[in-house]
Every structure is written in C-alpha cells, then in structure tokens.
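The values are calculated or read from the model by the stated rules, or taken from the named source; none is laboratory data. From a predicted model like this one, the values you see are computed outputs, not experimental measurements. We place every Cβ from the backbone using ideal geometry, glycine too, and count neighbours over all the protein chains shown.
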C-alpha cells in the first residue's frame, strides 16, 4: 500500500505534468493499493486526469469532518462520497499540531470505517518525545482511540514520526520495523476484533531510502509527502515497492 499525501500543494498544471511524468516511469501492478490524497479542490480534476490516462490509482482526501451543517470550512462524509473518494487520512500530525485535533475528534471519525470509506489513521511522536524515549508511550496513547473497536480490513495505520516529516531525517529501518511491530501488538491486544492492521511508514521517504524500509517485515508500505509531488520520483518509489525497478 502506497499513499501520496500532497498536503496544501498542487495546481491543475502540476497535476497535468505529474500524471505525464508518473505514467512514463510507472510499471503497473494489479495487486497494489495505490492512492493519492490531493487538496480537496483538486480531487475531481485529478480523478479525471487519472481516468483519461488509464491509470488505476485510487484518490482520497487528507481529512474529513465529523458532521455537516454549520461547520464553515469543513468537508463532510457525504461530500467525500460525492467525489467518489476511496479513502481518507485522519489524525495527521499537522491536523493535531496546527488545528488542535484531539483523540476525541479522531475517535468520532473512526466511525466512518463502517460507512464505506477506507481510513488511514496517522500517529507519531515529536522530536522532544523521541529524545526523551517516550515514543511508545505517545503512540500507545494515540492508539487508545482503537480500544474495543472491531476493525475491518479497510483500516490502516501510518506511523509518521513528526520530527522526520520533511526534514530529511529518519529513524533507521530497524527502528521503524520495531515500532511497527509494537503498533501491531498494541492494536491486536486492545481492539475488539484482535485485528493486526497494516502499518505504513511516513516521514522523509524518498527513492534513495524507500527500499531499506520496504525490506523490513512489519512495514506494509508508505505514506509519502514531499517525494510524491514529483510524478517520476513517486513512480520510482512505487516500482521499488513492487520489486520491478
């Protein structure tokens, strides 16, 4: 599973060039869940561009609101379905840190799993928390939103250490593997269905380091930010994951 998170980037011109670059490098695979989360305003343009270029790539949103109505600036589940999106990220560290999203809000959004939308829950620790050896404590607290839930197959976790996002710094592949194993154990022991979720890694993933992460047993793919903004670079990462580079 490889997901591109374009964040607050992009334009119609960028998407046009991106699709051209990606298509020229990508070696297709029928087995891979491959998705892109553009800005809301570009979802339908991206969808049309993918279809017209015969690219079987899912598209989704970077966040979804708990409800609808008098919530200025929000995007509701019905709106996401209207755009025929396949998935939504929730709980991204930038939503937590910039917009003050809480575990309580995120817990409510997890109910969307039962409403036909694949959900990717983002978790991760800050540089200070990592430095003070609190990574597992922080992650366990963020995973409390899953306690007692019956998780379906359309649920995925993305581990993104906040200090690694866009910095060029990453944990070692061995450290990532250990944390992913920890996450799977916590979720299996606390969820109502004893589910073992897919866990993606995110945080300065690029075509130079991706293979080392993909070689690890407990890394089920990647959530990619900056490197996904270039169609050629993103395609190379996807090809590495597929073992066809």
Residue by residue through the range 53-95, note down the ones that are part of a loop (DSSP other than H, G, I, E, B), touching a residue at least 40 places away in the same chain (Cβ under 8 Å) and touching a helix residue (DSSP H, G or I) at 6+ places or on another chain (Cβ under 6 Å). 64, 66, 83, 91
Criterion first (under 18 Å from residue 221 (Cα atoms) and either touching a strand residue (DSSP E or B) at 6+ places or on another chain (Cβ under 6 Å) or part of a helix (DSSP H, G or I) (or both)) does residue 36 satisfy it? yes
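Residues are listed down the side, and each one gets a yes or a no for (1) modelled with pLDDT of 95 or more; (2) over 15 Å from the mean Cα position of the chain (by Cα); (3) not in a helix (DSSP H, G or I):
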| site | (1), (2), (3) |
| --- | --- |
| 200 | yes, no, yes |
| 208 | yes, yes, yes |
| 220 | yes, no, yes |
| 228 | yes, no, no |
| 233 | yes, yes, no |
| 238 | yes, no, no |
Has the range 143-157 got any residue that is in contact (Cβ under 8 Å) with a residue 60 or more places away in the chain, in contact with a helix residue (DSSP H, G or I) (Cβ under 8 Å, 6 or more places away or on another chain), surrounded by 19 or more Cβ atoms within 10 Å (Cβ to Cβ) and within 20 Å of residue 133 (Cβ to Cβ)? no
Options 98, 113, 120; residue that is within 21 Å of residue 200 (Cα to Cα) and part of a helix (DSSP H, G or I): 113
From the list 42, 16, pick out the single residue that is surrounded by fewer than 17 Cβ atoms within 10 Å (Cβ to Cβ), part of a helix (DSSP H, G or I) and touching a helix residue (DSSP H, G or I) at 6+ places or on another chain (Cβ under 9 Å). 16
